[in-house]
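Undergrad: First the structure, then my questions, so here it is.
The values are calculated or read from the model by the stated rules, or taken from the named source; none is laboratory data. Since we're looking at a predicted model, the values are computed, not measured. Neighbour counts run over all protein chains shown; Cβ positions are idealised from the backbone, glycine included.
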Amino acid sequence: MLTDGHAPCERAPGMVVAERTFRLALRRRTRSASVKSEVGDAMKLVTAVVKLEKLDQVVQAVAAAGGRGLTATEVRGFGQEYGHHAADRPANAALPVLPRLRIEVLVADQLAWPVAEAIAKAVSTGTIGDGKIWIGPVEGALRVRTGERDLAAV
């Protein structure tokens, strides 16, 4: 137990492998491709909630679609998959929550849909519980180490 009463989070299986795969994919990209930063650069945050075992596929898909980094967090929740069984479930029964990965990718505006579609293709099995992806606007970004802002910080 941590001092705040919460149990420490365990790493999802394959997290180290996925991190290594993503770093290798980034090294392969040409370093000459720089992003010009202007005030008001349009950025989007692509957020996906997917099954834990899909991490490696998501990392490869994001790198292939032009994403330059991502954040993966283990979360718990439930979605539509439990709505289908509501008739079979007693009214007082608790809904179980399942472990999932929340993937966040900060990208330039024009890369938002290609990254989202790449993630969807990588995780889709055609069954309930595959996940959900949404895209939201980002006001700005700041790279702490260098002070770069907006797209230059991505």
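Undergrad: Of the numbered conditions (1) assigned to a helix (DSSP H, G or I); (2) under 18 Å from the mean Cα position of the chain (by Cα); (3) at pLDDT below 95; (4) within 30 Å of GLY140 (Cβ to Cβ), VAL59 satisfies every one except a single condition; which is it?
TA: It fails just one condition, (3).
Undergrad: Looking only at region 109-154, which residues are in contact with a His (Cβ under 7 Å, 6 or more places away or on another chain) and of a type in the set (Gly, Ala, Ser)?
TA: none
Undergrad: Considering only region 139-150, state which residues are in contact (Cβ under 8 Å) with a residue 40 or more places away in the chain and either among the aromatic types (Phe, Trp, Tyr) or touching a helix residue (DSSP H, G or I) at 6+ places or on another chain (Cβ under 9 Å) (or both).
TA: GLY140, ALA141 - these are the residues of region 139-150 that are in contact (Cβ under 8 Å) with a residue 40 or more places away in the chain and either among the aromatic types (Phe, Trp, Tyr) or touching a helix residue (DSSP H, G or I) at 6+ places or on another chain (Cβ under 9 Å) (or both).
Undergrad: So, in region 110-154, of the ones that are modelled with pLDDT under 95 and of a type in the set (Asp, Glu), which residue ends up farthest from MET43 (Cα to Cα)?
TA: The extreme case among them is ASP130.
Undergrad: Counting only residues that are acidic (Asp, Glu) and without any contact (Cβ under 8 Å) to a residue 60 or more places away in the chain, which one in region 95-138 is nearest to GLY69 (Cα to Cα)?
TA: It comes out as GLU104.
Undergrad: Mind telling me which of the residues ILE128, ILE133 ends up being of a type in the set (A, V, I, L, M), loosely packed, with under 15 Cβ neighbours inside 10 Å and within 18 Å of LEU98 (Cβ to Cβ)?
TA: Going through ILE128, ILE133 in turn, just one is of a type in the set (A, V, I, L, M), loosely packed, with under 15 Cβ neighbours inside 10 Å and within 18 Å of LEU98 (Cβ to Cβ): ILE128.
Undergrad: Continuing with this model, one more query. Just need a number here: residues in region 119-140 that are in a loop (DSSP other than H, G, I, E, B) and closer than 24 Å to GLN60 by Cα.
TA: Within region 119-140, residues that are in a loop (DSSP other than H, G, I, E, B) and closer than 24 Å to GLN60 by Cα number 7.
Undergrad: Across region 62-91, which residue is surrounded by the most Cβ atoms within 10 Å (Cβ to Cβ) among those that are modelled with pLDDT of 95 or more, in a helix (DSSP H, G or I) and in contact with a Leu (Cβ under 9 Å, 6 or more places away or on another chain)?
TA: Taking the candidates together, the pick is VAL62.
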